[in-house]
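> Got a structure here, written out as C-alpha cells. Questions coming.
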Amino acid sequence: MSTQRLRNEDYHDYSSTDVSPDESPSEGLNNFSSSGSYQRFGESNSTTWFQTLIHLLKSNIGTGLLGLPLAVKNAGILMGPLSLLVMGIVAVHCMGILVKCAHHFCHRLNKSFVDYGDTVMYGLESSPSSWLRNHAHWGRHIVDFFLIVTQLGFCCVYFVFLAENFKQVIEAANATTNDCHSNETVILTPTMDSRLYMLTFLPFLVLLVFIRNLRVLSVFSLLANVSMLVSLVMIYQFIVQRIPDPSRLPLVASWKTYPLFFGTAIFAFEGIGMVLPLENKMKDPRKFPLILYVGMAIITALYISLGSLGYLQFGANIQGSITLNLPNCWLYQSVKLLYSFGIFFTYALQFYVPAEIIVPFFVSRVPEHCELVVDLFVRTMLVCLTCILAVLIPRLDLVISLVGSVSSSALALIIPPLLEITTYYSEGMSPLTITKDALISILGFVGFVVGTYEALYELMQPSDTPIFINSTSAFL
C-alpha cells in the first residue's frame with residue numbers, strides 16, 4: 001500500500017483531534033471528492049450545523065482546559081482572563097484566515113477540498129518570491145512536522161496526566177472518605193515515582209494504538225467524551241462553592257511567568273488543524289463561519305470561567321491540572337479516574353494523525369508480507385517515544401507549556417497570517433491587513449521563543465512539588 005494512497009484516503013480528512021462517532025473521517029472526504037464542486041448539499045453522511053458545532057466543542061475539551069487555572073496564576077487574576085480573551089479572538093481570526101485561503105484555492109484550482117498543508121503549499125506557490133515558489137513543497141512538510149510534534153506532544157501530556165492523577169488517587173486511598181467537606185489535610189502515602197506509573201500505562205497504550213479502524217476508535221471517542229463531560233460538570237460544581245477571598249491574589253503576575261501562561265493557553269486553543277475537515281463534512285459549508293465564531297465564543301467563555309474560578313478557588317497552590325486539587329473524597333477521586341479514563345482513550349485519536357503521516361513512509365518501503373509487522377513496530381516505537389519524553393519531563397504544567405510554545409504557536413498564530421500575505425499579496429492587499437498579519441505572526445514567534453526558553457529554564461530547576469494535599473481548599 002503506497003504512502004500516497006493512505007494519505008489520500010485517511011490523512012487529509014483527519015488532520016484534527018476528533019472523529020465523528022458515526023463515520024470514519026475518510027468516508028466524508030471520499031464522497032465529497034467525487035462531487036467536483038466545492039459547494040455541496042444534502043450528502044447522506046454529511047454533518048448538520050449542530051453536529052459540527054458539537055464536534056468543534058468536544059474536540060477542545062482536554063488536558064489543556066484543566067491546565068488553565070495554573071495559566072491564570074502565571075498571568076494574574078486580571079491579566080489572565082483578559083489575555084485568554086485576546087488570545088481567543090486572535091486564534092479564531094487565524095482559523096478564519098485559513099478557511100478563507102482554502103476557499104480561495106478551491107475555487108482557483110477547481111479542487112473540491114484542500115487541507116492545511118496543501119493550503120500552505122499553494123500559498124507559497126502564489127508568492128511573488130521566486131525562491132518561495134520553488135520551495136513551495138516545504139510548506140506541506142512544515143505543516144506536517146508541526147502537526148506531528150503537536151499531536152505527539154498531546155500524547156506526552158496524556159502520559160503525565162494519567163500518571164499524576166492515578167498516583168494521587170492511589171497514594172491518598174487510605175485516607176479517602178465519603179465526606180467531601182471536611183477541612184482535613186491528607187498526608188499522601190508514598191508508593192512509587194510517577195515515572196513508574198507512566199511505564200505501567202505503556203503496554204496498554206501500545207495495545208490501544210494497534211486499533212487502526214476509525215470506526216472502532218470512534219466508539220472509544222464517544223465513551224471518552226461522555227466521561228470527560230461528566231467530570232467537567234463535577235469540577236464546576238465544586239469550584240463555584242465557597243470561593244475564598246481573592247484580595248490577596250495578584251492582579252498581574254511576574255513577567256517571568258507570563259511566557260508559561262502563553263504556552264499553556266495556546267496549547268488549549270490549538271484546534272486549527274480540525275477546522276478544514278469539519279467544514280468539509282458539512283451539508284452546507286456556507287454556515288461554517290458562523291458556527292466557528294459561535295463555537296469558539298463558547299470555548300473561550302469556558303476557558304476563561306474555568307481558569308478564573310479554578311485559580312480563585314485554590315489560589316497559589318493550584319497544580320498543573322485542576323483535578324489534582326480536588327477534595328480527597330470518593331466522589332471527586334472518581335472524577336479524576338473518570339477524566340483519566342477519557343484521556344486514556346483519547347490518546348489513540350491524538351496518535352492517529354502522526355501515525356498516518358509516519359507509518360506509511362516505512363510501510364511503503366518493505367515487501368507486502370512484512371507490512372503489518374512494520375506497521376505495528378513503528379506504532380510501538382512512536383508510543384515508546386512519547387513515553388520516554390514524558391519520563392524525561394514529568395511535570396505536567398511544563399509539558400503543556402512547552403508543547404504549546406513549540407508547535408501550537410506555529411500552527412495557530414505564526415503560519416496563518418503569513419499564509420494570507422503569500423496568498424493575496426500579488427492580488428493586492430491593504431497596508432493595514434499586512435501590518436495586522438505581521439503583528440500576529442510576530443506575537444506568535446515571540447511567544448514561541450520566550451515560552452520555549454522559560455519552559456526549558458523551569459525544567460532545569462529542582463522540583464518543589466508539595467507532598468500533601470488538602471481535601472477542600474488550598475488556602476488552609
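> Anything in segment 361-371 that is surrounded by 12 or more Cβ atoms within 10 Å (Cβ to Cβ), of a type outside the set (D, E) and either over 20 Å from F145 (Cα atoms) or in contact with a Leu (Cβ under 6 Å, 6 or more places away or on another chain) (or both)? List them, or say none.
Passing the criteria: V366, C370.
> Let me ask you something else. Is it the case, given these coordinates, that G320 is among the small types (G, A, S) and open to solvent by less than 10 Å² (accessible area, probe 1.4 Å)?
Numbers: among the small types (G, A, S): yes; open to solvent by less than 10 Å² (accessible area, probe 1.4 Å): no.
Against the criterion (among the small types (G, A, S) and open to solvent by less than 10 Å² (accessible area, probe 1.4 Å)), G320 does not qualify.
> Here is a follow-up. Does F345 meet the test of being touching a residue at least 40 places away in the same chain (Cβ under 8 Å), open to solvent by 20 Å² or more (accessible area, probe 1.4 Å), assigned to a helix (DSSP H, G or I) and farther than 19 Å from G320 by Cβ? Spell out the reasoning first.
Numbers: touching a residue at least 40 places away in the same chain (Cβ under 8 Å): yes; open to solvent by 20 Å² or more (accessible area, probe 1.4 Å): yes; assigned to a helix (DSSP H, G or I): yes; farther than 19 Å from G320 by Cβ: yes.
Taking the combined requirement at face value, the residue satisfies it.
> Being in a loop (DSSP other than H, G, I, E, B) and either among the hydrophobic types (A, V, I, L, M, F, W, C) or buried (at least 22 other Cβ atoms within 10 Å of the Cβ) (or both), is that true of even one residue in segment 373-388? Steps first, please.
In the first step, residues of segment 373-388 are kept if they are in a loop (DSSP other than H, G, I, E, B); the result is none.
No, segment 373-388 contains no residue that is in a loop (DSSP other than H, G, I, E, B) and either among the hydrophobic types (A, V, I, L, M, F, W, C) or buried (at least 22 other Cβ atoms within 10 Å of the Cβ) (or both).
> Just the residues that are open to solvent by 10 Å² or more (accessible area, probe 1.4 Å) and either touching a residue at least 40 places away in the same chain (Cβ under 8 Å) or of a type in the set (S, T, Y) (or both), please, taken from segment 405-417. If you could, list the steps in order and put the result at the bottom.
Step one: of segment 405-417, the residues open to solvent by 10 Å² or more (accessible area, probe 1.4 Å) are 406, 414-415.
V406, I415 - these are the residues of segment 405-417 that are open to solvent by 10 Å² or more (accessible area, probe 1.4 Å) and either touching a residue at least 40 places away in the same chain (Cβ under 8 Å) or of a type in the set (S, T, Y) (or both).
> Next question, about the same structure. If we keep just the residues of segment 89-148 that are closer than 19 Å to K281 by Cβ and of a type in the set (F, W, Y), which is surrounded by the most Cβ atoms within 10 Å (Cβ to Cβ)?
It comes out as Y116.
> Another question, if that's okay. Mind checking which pairs have a first residue in segment 196-210 that is farther than 18 Å from L349 by Cβ and in a helix (DSSP H, G or I) and a second that is open to solvent by less than 30 Å² (accessible area, probe 1.4 Å) and among the hydroxyl-bearing types (S, T, Y), Cβ under 8 Å, 6 or more apart or different chains?
That search, which allows pairs on different chains as well, returns nothing.
> Of the numbered conditions (1) open to solvent by 10 Å² or more (accessible area, probe 1.4 Å); (2) over 19 Å from V90 (Cβ atoms), E279 satisfies every one except a single condition; which is it?
Unmet for E279, out of (1) open to solvent by 10 Å² or more (accessible area, probe 1.4 Å); (2) over 19 Å from V90 (Cβ atoms): (1).
> Give L402, L432 a once-over and let me know the one that is open to solvent by less than 50 Å² (accessible area, probe 1.4 Å), farther than 26 Å from F210 by Cα and either assigned to a helix (DSSP H, G or I) or among the small types (G, A, S) (or both).
Details: L432 fails: open to solvent by less than 50 Å² (accessible area, probe 1.4 Å).
Result of the check over L402, L432: L402.
> Kindly indicate the residue of segment 378-429 that is of a type outside the set (A, V, I, L, M) and touching a Pro at 6+ places or on another chain (Cβ under 9 Å) and also farthest from D193 (Cα to Cα) among those meeting that condition.
So the first thing to find is which residues in segment 378-429 are of a type outside the set (A, V, I, L, M), and the list is 379-380, 384, 386-387, 394-395, 397, 401, 404-405, 407-409, 416-417, 420, 422-428.
The next check asks that each one be touching a Pro at 6+ places or on another chain (Cβ under 9 Å); those that pass are 401, 405, 422, 425-426.
Details: S401: 22, S405: 27, T422: 50, Y425: 55, S426: 57 Å.
In this case the residue turns out to be S426.
> For segment 352-370, state whether one or more residues are under 16 Å from the mean Cα position of the chain (by Cα) and of a type in the set (D, E, K, R). Before you say what the answer is, go through the steps one by one.
Of segment 352-370, the ones under 16 Å from the mean Cα position of the chain (by Cα) are 352-354.
Applying the additional criterion that residues be of a type in the set (D, E, K, R) yields none.
Within segment 352-370 (the criterion being under 16 Å from the mean Cα position of the chain (by Cα) and of a type in the set (D, E, K, R)), the answer is no, since none of the residues qualifies.
> Give me the residue from segment 418-429 that is open to solvent by 10 Å² or more (accessible area, probe 1.4 Å) and among the hydroxyl-bearing types (S, T, Y) and, out of that set, farthest from V275 (Cα to Cα).
S426
> Moving on. From the residues in segment 239-296 that are part of a helix (DSSP H, G or I) and among the hydroxyl-bearing types (S, T, Y), which one is modelled with the lowest pLDDT?
We begin by selecting, within segment 239-296, every residue part of a helix (DSSP H, G or I); these are 239, 246-248, 258-269, 272-280, 285-296.
Those still in the list that are among the hydroxyl-bearing types (S, T, Y) too: 247, 258, 264, 293.
Numbers: S247: 84, Y258: 90, T264: 87, Y293: 91.
Checked segment 239-296; the qualifying residue modelled with the lowest pLDDT is S247.
> Considering only helices (runs of 4 or more DSSP H) fully contained in segment 52-146, which possess at least 3 residues that are more than 24 Å from the chain's Cα centre (by Cα)?
Working: elements: 63-66, 68-75, 79-109, 116-125, 130-134.
Hits in segment 52-146: 79-109, 116-125, 130-134.
The values are calculated or read from the model by the stated rules, or taken from the named source; none is laboratory data. Because the structure is a prediction, the values reported are computed rather than measured. For neighbour counting, all protein chains shown are included, and Cβ atoms are generated from backbone atoms with ideal geometry for every residue, glycine included. These accessible areas exclude ligands, DNA and RNA; they are computed on the full protein's heavy atoms, side chains included. Shrake-Rupley method; radii C 1.70, N 1.55, O 1.52, S 1.80 Å.
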